[in-house]
Amino acid sequence: MNATARKISQLRPGSRRTGQDNIAATLGEEILSGARKPGERMPSDADMHKMFGVSRVVTREVIKTLAAKGLVASKMKVGTIVLDPTHWNWLDSDVLSWRANMGMDMDFLAHLTDVRRAVEPTAAALAALYGTRADINRLREAIAAMASASNNRRQFAEADLRFHLAVSAASKNPFFQSFAATIETALFALLSVNALTDNSRQQSEAIEMHVRVADAIEERDPHMAAKAMLRAVDGGLSHAKRRKAVPAKS
């Protein structure tokens, strides 16, 4: 299990969490889900001590963490309140992790796909221009891992994720690489749903889409690389729509 998969599996709704990071995850998910609404006051130090059994030092650090992500703000004579979603930092890796753990509805998937469509085809085009033999080998290895995953959805998704991260790395653009790392957890959750290992024909089609991206990159054809990547990204959303529901993965 890679670091991303482990991070998702450790964040399960309804589980009792301890420790500063896990308390922040619990409260963060409650905010993202709407259980704690904008303008609502967050629990006091005393309430959080009763809920989680931690000290005031820990609870204050938790609030600082949530504030840094734009989820809450402290106001004099009012306390700490939940902020409107327009303030939430969706490019924060923890926020995306918490959101992915909750299960992703079609609106969220569509938003994520919009961003992927804007970024990944260009990254693929740059990979065709600047990718090295080592980069191409990593793409081929990821595709081989997808093919050998058989009916193991997690292994298929992990290999799929490695492929997309490898394309970003091959672009040699640090901004694309940072973006890919930022959305890694949400992308893994999406790819877990789209791991088409329950249908051999669909699995073969998904692998072939990735082969076309790798082929275009190896052939130094940026136009075809971008086109093939766009098709792969859109194919993922289409499959998610057919499944209709996108649950959290453990």
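Name the residues in the stretch 89-132 that are in a loop (DSSP other than H, G, I, E, B) and closer than 27 Å to ILE217 by Cβ, would you?
Of everything in the stretch 89-132, those that are in a loop (DSSP other than H, G, I, E, B) and closer than 27 Å to ILE217 by Cβ turn out to be LEU91, GLY131, THR132.
Can you give me the number of residues within the stretch 172-184 that are at pLDDT 95 or above and either of a type in the set (D, E, K, R) or within 22 Å of GLU208 (Cβ to Cβ) (or both)?
1
Would you mention how many residues in the stretch 40-84 are in contact (Cβ under 8 Å) with a residue 40 or more places away in the chain, surrounded by fewer than 14 Cβ atoms within 10 Å (Cβ to Cβ) and in contact with a Gly (Cβ under 9 Å, 6 or more places away or on another chain)? Show your work before the answer.
Quick first cut of the stretch 40-84, residues in contact (Cβ under 8 Å) with a residue 40 or more places away in the chain only: 40-42, 61-62, 65-66, 69, 71-72, 81-84.
So of that shortlist, the ones also surrounded by fewer than 14 Cβ atoms within 10 Å (Cβ to Cβ) come out as 40, 84.
Those still in the list that are in contact with a Gly (Cβ under 9 Å, 6 or more places away or on another chain) too: 84.
Count: 1.
Enumerate the pairs (first residue in the stretch 186-199 and modelled with pLDDT of 75 or more; second residue anywhere and of a type in the set (S, T, N, Q)) with beta-carbon separation below 7 Å, excluding pairs fewer than 6 apart on the same chain, so at least 6 apart or on different chains.
Qualifying pairs under 7 Å: PHE188/THR4.
Say we look at the stretch 147-171 and pick out the residues that are crowded, with 22+ Cβ neighbours inside 10 Å and modelled with pLDDT under 90; which of these is nearest to GLY103 (Cα to Cα)?
Filtering first and then ranking leaves ALA157.
Across the stretch 133-185, what is the number of residues that are part of a helix (DSSP H, G or I), among the polar types (S, T, N, Q) and within 20 Å of the chain's Cα centre (by Cα)? Please lay out each step first, then the result.
Going through the stretch 133-185, the residues part of a helix (DSSP H, G or I) turn out to be 133-148, 153-170, 174-182, 184-185.
With the extra rule that they be among the polar types (S, T, N, Q), the set shrinks to 137, 148, 155, 168, 177-178, 182, 185.
Now restrict to residues that are within 20 Å of the chain's Cα centre (by Cα): 155, 168, 177-178, 182, 185.
Total satisfying the criteria: 6.
Do we have LYS69 as on the phi > 0 side of the Ramachandran plot and not small (Gly, Ala, Ser) here? So that I can check it myself, show each step before the final result.
Values: on the phi > 0 side of the Ramachandran plot: no; not small (Gly, Ala, Ser): yes.
So LYS69 does not fit the description; no.
Each row is one residue, and each column tells you yes or no for (1) in a loop (DSSP other than H, G, I, E, B); (2) at pLDDT below 95; (3) surrounded by fewer than 18 Cβ atoms within 10 Å (Cβ to Cβ).
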{"residue": "ALA5", "(1), (2), (3)": "no, yes, no"}
{"residue": "SER9", "(1), (2), (3)": "no, yes, yes"}
{"residue": "GLY14", "(1), (2), (3)": "yes, yes, yes"}
{"residue": "ASN22", "(1), (2), (3)": "no, yes, yes"}
{"residue": "GLY28", "(1), (2), (3)": "no, no, no"}
{"residue": "ALA35", "(1), (2), (3)": "yes, no, yes"}
{"residue": "PRO38", "(1), (2), (3)": "yes, no, yes"}
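Name the one entry in THR80, THR65, THR86 that is assigned to a strand (DSSP E or B) and among the hydroxyl-bearing types (Ser, Thr, Tyr).
Working: THR65 fails: assigned to a strand (DSSP E or B); THR86 fails: assigned to a strand (DSSP E or B).
Only one candidate passes the filter, namely THR80.
So in the stretch 219-238, with the set limited to residues that are buried (at least 18 other Cβ atoms within 10 Å of the Cβ) and modelled with pLDDT of 85 or more, which one is farthest from ALA166 (Cα to Cα)? Give the derivation first.
Within the stretch 219-238, the subset buried (at least 18 other Cβ atoms within 10 Å of the Cβ) is 222, 224-226, 228-229, 232-233, 236-237.
Okay, now just the ones that are also modelled with pLDDT of 85 or more, so 222, 224-226, 228-229, 232-233.
Values: PRO222: 16, MET224: 17, ALA225: 14, ALA226: 15, ALA228: 15, MET229: 13, ALA232: 15, VAL233: 15 Å.
So the residue we want is MET224.
The values are calculated or read from the model by the stated rules, or taken from the named source; none is laboratory data. None of these values were measured; they are calculated from a predicted model. Cβ coordinates were reconstructed from backbone atoms using ideal geometry, including for glycine residues, and neighbour counts include every protein chain displayed.
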